[in-house]
Structures are given as C-alpha cells and as structure tokens.
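Enquirer: Please find one structure pasted underneath; my questions will follow.
What follows is calculated from the coordinates using simple rules that are stated; it is not laboratory data. Only a predicted model underlies this, so the values are computations on that prediction, with no experimental measurement involved. Because the Cβ atoms are built from the backbone with ideal geometry, glycine has one as well, and the counts that use them run over all protein chains shown.
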Amino acid sequence: MNKHFVTAFFKTFALLCIILINSCATCPPCREASTHVYFSPHGGATQAIINEIAGAKSEILVQAYSFTSTPIAKALVDAHKRGITVEVILDKSQKKEQYTSATFLSNMGVPI
C-alpha cells in the first residue's frame, strides 16, 4: 500500500471519530416522560381531559367524530372565554342534530 493512501485513510478515520464523538456529546439530555392511562366512562378520562383544557395556555384543537360530553364542552367554552384559541372539527352529522355539543359550542362563540 502506498504511504499517502494510509495517511489519508487514518486522517479521514480520525475526523469521522471526532465528528461522531462531538455529535454524541452535544445531544441534549432526554426528558423524563410520564404516561397516564384513563378509561371511559368511569375511569377518570373526562376529568383528565377537563384538567388539560383548564391548563391550556395558548390553543386547544379538537377533532372528534362523536362529541357528547357536556362537561368537556363547558370546559372548552370556559377556555374560549379565558382567551384561549379553541377550534373544533366535528363530523357533519353533529350539525344536523338539534341539541348537540356542536350547537352548544357554536352558540357560545367557539369556532366549529
């Protein structure tokens, strides 16, 4: 083997090792994640959702096929009144019914 080739190989190898070490050294530490499990109807899911809505600071985006929870709808209206951006996307069948969360939210000024 030629001496120039071996020198170039080792320089390239050393450079790649330095890049690899630096990229690993600058990785931010992983945040510890927490997981909570809730069930419906009597497993705390509704209250957990209401708590998250109450803690929202800028916006709440909702997309649901069927939305029937009055307490959650009221929490969304309260958030809207606090100045939080609330947007809700529901199935069009929600608009056909007379007394739905869609009509309640719409009547309270929440964009549907």
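Enquirer: With a ≥ b ≥ c taken as the square roots of the eigenvalues of the C-alpha gyration tensor of region 58-107, please select rounded if a/c is under 1.5 and otherwise prolate if a/b is larger than b/c or oblate if it is not? Please report the intermediate quantities before stating the final value.
Expert: On the way: a/c = 2.14, a/b = 1.65, b/c = 1.30.
Prolate, because a/c is 1.5 or more and a/b exceeds b/c.
Enquirer: Then there is this: Going highest first, how would you order 35-48, 52-65 by mean Cβ packing within 10 Å?
Expert: Working: 35-48: 10.5, 52-65: 12.1.
Going by the mean number of other Cβ atoms within 10 Å, highest first, we get 52-65, 35-48.
Enquirer: What ranking, highest mean first, results for peptides 76-82, 96-102 when packing means the other Cβ atoms within 10 Å averaged over each residue?
Expert: Values: 76-82: 17.4, 96-102: 13.6.
Ranking, from highest mean packing down: 76-82, 96-102.
Enquirer: Roughly how many debye, to the nearest 20, is the charge dipole of region 58-107 about its Cα centre, given +1 on each Lys and Arg Cβ, -1 on each Asp and Glu Cβ, and no other charges?
Expert: With Lys and Arg at +1 and Asp and Glu at -1, about 120 debye.
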